[in-house]
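Worksheet: one structure, shown below.
Each value in this text was obtained by applying a stated rule to the coordinates, not by laboratory testing. These figures come from a predicted structure and were not determined experimentally. Note: ideal-geometry Cβ built from the backbone for every residue, glycine included; neighbour counts use all protein chains shown.
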Amino acid sequence: MITVTFERDRDTIRKVEVSGHGEYADSGEDIVCAGVSILTISILNGLSEIVGLTDLNRRVDEGYTSFEIPEIKDPVQKIQADALMDTFHLGLCATEAAYRDYVKIIDN
């Protein structure tokens, strides 16, 4: 099972951990794992390339990814980062709803 943990400070997502494997299908054919992976890669790319956040304290290993959103002082960057993170959360919640036996979202 893939577990995605969101840690919040008030309403702002501050840290994300994605761990495990989908086990929906064999490696290379697992659409659940592929979906979660592409959402995770997309959020990391968006935060760095669109928002301009470079200090995400990211860790990427086999079956594990984590990253943290630093305190953002620029109001435009904060709005952008919050919108991207909320969209990432929505995408993963939709994946969990469709594949409940394979994805678990934890909101802290």
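Sorting the segments 13-19, 28-34, 54-60 by their residues' average number of neighbouring beta-carbon atoms within 10 angstrom, most packed first, yields 13-19, 28-34, 54-60.
Tell me the net charge near Ile43. Cut-off is 14 Å between Cβ atoms, Ile43 excluded, with +1 for each Lys or Arg and -1 for each Asp or Glu. Could you put the intermediate results ahead of the total?
On the way: positive: Arg14, Lys15, Arg58; negative: Glu17, Glu49, Glu68, Asp82, Asp86.
Summing Lys and Arg as +1 and Asp and Glu as -1 gives -2.
Normalised radius of gyration for region 53-108, please: alpha carbon Rg relative to 2.2 N^0.38 Å, two decimal places. Please list the in-between numbers first.
Numbers: Rg = 13.6 Å, N = 56, 2.2 N^0.38 = 10.2 Å.
Against the compact-globule rule of thumb, the ratio is 1.33.
For the chain, the longest principal axis of the alpha carbon atoms and the long axis of helix 31-45 meet at an angle near 10°. P(r) for the chain: what percent of alpha-carbon pairs falls in each 10 Å bin, starting at zero? So the P(r) values, bin by bin, are 14, 50, 28, 7, 0. Using just its DSSP H runs of length 4 or more, each adding -39500 (n - 2.57), the chain gives a mean residue ellipticity at 222 nm of -12500 deg cm²/dmol after division by all residues. In the chain, the longest principal axis of the Cα atoms and the axis of helix 75-98 are about 10 degrees apart.
Given their separation in residues at 0.36 nm each and the Cα-Cα distance between them, Thr12 and Ala94 gain 27.6 nm when the chain is fully extended.
If packing is taken as the average number of other Cβ atoms within 10 Å across a peptide's residues, how do 96-107, 36-47 rank, most packed first? Please report the intermediate quantities before stating the final value.
Details: 96-107: 14.4, 36-47: 17.5.
Packing order, densest peptide first, comes out as 36-47, 96-107.
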